[in-house]
Amino acid sequence: ITLRHAVDNLITEGLLVREQGRGTFRASSIIPSYSQEVISDRAQGFYEQTYSNDAKIRIKVIENDVIHDEDAAARLGLDPVDELICLKRLRYVDDVLSRYSVLYLPASRFPKILTHDFSDESLSDFLLKAYAVQLVENEVSVHIENLCDRLAAVLNLEVGTPAITAYSTVKDKFGTIIAFGASVYAPNSGEIRFHLHSNAA
């Protein structure tokens with residue numbers, strides 16, 4: 001599904017309103033700044049997003065372990081049998097669940113991740129400090145997907161509920177793929193904005 005098609009679906013469902021000459025807006029309400037999320041051309045972690053000073057952000061790590069996943073390994077450019085670190089987190093804004101996130105990284109390259117507490121630090125900050133890896137590119141693909149049994153249980157929603165899902169491939173300054181992951185946004189959690197820059201001088 002294309003991003004335009006996804007937006008059209010949200011308009012059909014009454015969640016967005018398109019105004020001629022102005023753009024597309026969330027229907028029937030004004031979104032507070034702390035509920036806004038920015039997807040930009042800059043690779044960012046949980047704690048690099050901008051929120052209102054009044055917002056209380058809490059991160060809960062629900063898994064940080066070594067696994068095998070052929071699809072994730074392929075997206076990282078690894079062999080199907082290679083071990084991966086799987087980092088799963090929940091983000092709460094003012095004690096309301098906002099997002100579920102899962103990230104996959106090569107286990108052989110970043111073993112220190114397994115013993116670090118990511119409830120109070122972003123992965124990007126940790127990689128820079130622990131491994132001198134600077135994340136500079138983030139390729140994001142956004143879809144509308146119906147929640148499966150597992151994700152519906154995590155987000156405490158009905159199976160089949162439509163949710164915005166963003167798949168992300170993050171690279172370092174050398175163009176090496178560092179991480180692949182997905183974020184699933186809880187309905188009515190807020191607004192997602194895209195902020196892009198031109199590379200032209």
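Laboratory data are not the source of any read-out in this text; all were calculated from the coordinates shown. No experiment lies behind these values; they were computed from the predicted model shown. Here Cβ is always computed from backbone atoms with ideal geometry, including for glycine, and neighbour counts include all displayed protein chains.
Results, tabulated for the structure shown:
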quantity	calculated
Spatially proximal lysines relative to residue 173 (Cα-Cα < 23 Å; intrachain offsets below 8 disregarded)	112, 129
Extension gain, residue 146 back to residue 68 (0.36 nm per residue minus Cα-Cα distance, nm)	25.6 nm
Extension gain (nm, one decimal) between residue 109 and residue 56, 0.36 nm per residue minus Cα-Cα	15.8 nm
GluC sites (Glu not before Pro) restricted to the range 116-191 and DSSP loop, no more than 12 other C-beta within 10 Å	158
Length added when fully stretched, residue 158-residue 88, from 0.36 nm per residue minus Cα-Cα	23.1 nm
